[in-house]
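Q: One structure, as C-alpha cells, below. Some questions next.
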Amino acid sequence: MADRRLQVFMAVAKHLNFTRAADELFMSQPAVTFQIKQLEELYSTRLFERRHGNVSLTPAGELVLSYAEKIMALSDEMESRLAEMSGEMRGPLLIGASSSIAVSLLPHLLSEFNAIYPQVRACLIVANSENIERRIAEHTLDLGLIEAPSKLTGVASENCGTDELVVICAPDYPLAGSASITPKALVDYEYISREPGSGTREVTETYFRKNKIEPELLKLQMELGSPEAVKSVVKLGLGFAIVSRLVVEPEMENASLLVIPLKPALKRSLNLIYPQDRFRSRLASTFIDFSKNKLRELVA
C-alpha cells in the first residue's frame with residue numbers, strides 16, 4: 001500500500017547503488033532513476049549525491065529515509081491488521097538479528113515457521129546488537145533476536161535460552177591442545193575481535209573485566225564485523241577469537257578449527273526484543289511465542 005516511490009528510495013538508500021536497487025526490485029535502472037527523480041521533484045530537493053560513480057544520501061535524503069522506514073512499518077502493520085480481520089495469518093514480518101544468531105539459529109527458525117504459515121513474508125535484517133536495538137526502539141522492526149537484554153527505554157526483552165562462548169583457534173596455533181584456558185592466559189596471544197557494538201564483544205569484555213583482566217591488555221589484531229569473517233581469519237592462524245559454540249559447529253565437525261572451553265565458562269542469554277509501547281499484531285505475537293519455544297529447543 002505504501003507509495004512505490006518510497007520503496008524504490010529505500011532500496012537505493014540501502015545499497016547506495018542504483019543498479020543493485022533495480023535488481024532487488026526487478027526493475028530497470030532507468031525506471032529506478034525516474035522514480036527517484038519524481039520523488040526529488042515532489043519535495044524540491046536532492047535526496048542523493050552522485051559523484052565519480054559513488055552514491056550517498058544528502059541530509060534531506062537522511063531525513064526522508066528516517067520517515068520512509070516508519071511509513072513502511074505502518075503500512076505493513078495495517079496489512080497485518082487487515083489480514084487478522086479476515087482470519088488469515090499472512091503479511092510481512094520484519095525481523096532483526098545479530099549476525100551470530102542469524103548464522104546459527106535463524107535458518108532453522110524461519111524455515112519451520114514458513115512451513116506452518118506459508119503466506120507470511122519474513123524480512124530479515126542482519127546487524128550488530130546495538131543497531132538491532134536502535135531499530136526496535138525506532139519501530140522500524142517488529143522484533144529482534146540479540147545476545148543480551150536490551151538496555152533501551154521502550155524495548156521489552158524476553159530470555160529464550162543460554163548460549164556458551166568458547167575460544168577458537170587454528171589446529172596449528174600455539175593454543176591448540178589446551179583442555180581449557182583462563183582469561184589471564186589469553187593475554188599472551190593475538191586476539192581477533194568482533195567490532196564495537198557487537199553483542200559478542202560486549203559480553204566478552206564484561207567477562208574479562210569480571211576476571212580482573214582489562215580488555216585493553218589483550219593483543220588486539222583485528223576487529224571484524226561478522227562471525228564468518230572472524231572464523232576465516234582465525235583459520236589462517238593469525239590469532240584466537242571468542243565466539244558462540246553454535247556458530248563454530250560446522251568447523252568443529254570438519255576439524256578446520258579447534259574449540260577450547262573458557263575457565264570459568266562464559267555463557268550469555270539469547271533474547272527476543274520488541275517495542276514495549278507499540279501495538280503487536282497477532283502475527284508478531286505468534287512468531288514470538290514460536291521463537292521462544294524453538295530457541296529453547298535449539299540451544300538445549
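Quick note: the coordinates plus some simple rules give every number you see, no bench work behind them. On a predicted model such as this, the values are computed, not experimentally measured, just so you know. Every residue, glycine among them, receives a Cβ derived from its backbone with ideal geometry; neighbour counts consider all protein chains shown.
Q: Could you tell me the calculated FRET efficiency between His15 and Asn211, based on Cβ-Cβ distance and R0 = 51 angstrom, to the nearest 0.05?
A: The value I calculate is 0.75.
Q: Taking only the alpha-carbon positions of segment 183-292 and ignoring solvent, what does the Debye formula give for the base-10 log of I(q)/I(0) at q = 0.15, 0.19, 0.23, 0.24 Å⁻¹?
A: Values, matching the q order: -0.74, -1.01, -1.34, -1.43.
Q: Quick one: compute the contact order of segment 40-139, relative version, from alpha carbon pairs under 8 angstrom and 6+ residues apart, as a percent.
A: Relative contact order for segment 40-139 comes out at 23 percent.
Q: Now a separate question. Please determine, in degrees from 0 to 90 and to the nearest 10, the orientation of helix 4-15 with respect to the longest principal axis defined by the Cα atoms of the chain, where the helix direction is its Cα long axis.
A: The helix 4-15 is inclined about 30 degrees to the chain.
Q: Given the Cα-Cα distance of Asn114 and Lys37 and 0.36 nm per residue of separation, how much length would full extension add, in nm?
A: Fully extending the segment from Asn114 to Lys37 adds 24.0 nm.
Q: Computed FRET efficiency, Cβ-Cβ of Ser66 and Arg280, R0 25 Å: what is it to the nearest 0.05?
A: The value I calculate is 0.65.
Q: Ok, one more. State the antiparallel share, in %, of DSSP beta bridges confined to segment 128-263, rounding to the nearest 5.
A: Beta bridges within segment 128-263, antiparallel portion: roughly 50 percent.
Q: Just want the answer: with Cβ charges of +1 for Lys and Arg and -1 for Asp and Glu, which residue in Leu106, Gly239, Phe26 is farthest toward the dipole's positive end in the chain?
A: The residue sitting farthest along the positive end of the dipole is Gly239.
Q: Still on this structure, please answer the following. Roughly how big is segment 221-271's charge dipole about its Cα centre, with Cβ charges of +1 (Lys, Arg) and -1 (Asp, Glu), in debye to the nearest 20?
A: I would put it at about 240 debye.
Q: Under 16 Å between alpha carbons: how many lysine pairs meet that in the chain, if sequence neighbours fewer than 8 apart on the same chain are excluded?
A: 8
Q: Given R₀ = 41 Å, what would the calculated FRET efficiency be for Thr162 paired with Asp23, taking r from the Cβ atoms and rounding to 0.05?
A: The formula returns an efficiency of 0.55 here.
Q: Taking the Cα centre as origin and putting +1 on Lys and Arg beta-carbons and -1 on Asp and Glu beta-carbons, what dipole magnitude results for the chain, to the nearest 20 debye?
A: Once rounded to the nearest 20, the dipole reads 220 debye.
Q: How far is helix 29-43 tilted, in degrees, relative to the longest principal axis of the Cα atoms in the chain, given as a value from 0 to 90 rounded to the nearest 10?
A: Once rounded, the angle reads 70 degrees.
Q: While we're on this one: Summing -39500 (n - 2.57) over the DSSP H runs of n ≥ 4 in the chain and dividing by its residue number, what mean residue ellipticity at 222 nm do you reach, to the nearest 500 deg cm²/dmol?
A: -14000 deg cm²/dmol
Q: Where q = 0.09, 0.10, 0.11 Å⁻¹, what log10 of I(q)/I(0) comes from the Debye formula for the chain, counting one point per Cα?
A: For the chain, the Cα-only Debye profile gives -0.54, -0.66, -0.78.
Q: I want to check the label-to-label distance for Glu297 and Lys267. Put each point 7 Å from Cα in the C-beta direction and report it in nm to one decimal.
A: So the two model labels end up 2.2 nm from each other.
Q: What number, in percent, do you get for the relative contact order of the chain if the mean sequence gap of Cα pairs under 8 Å and at least 6 apart is divided by its residue count?
A: Relative contact order for the chain comes out at 21 percent.
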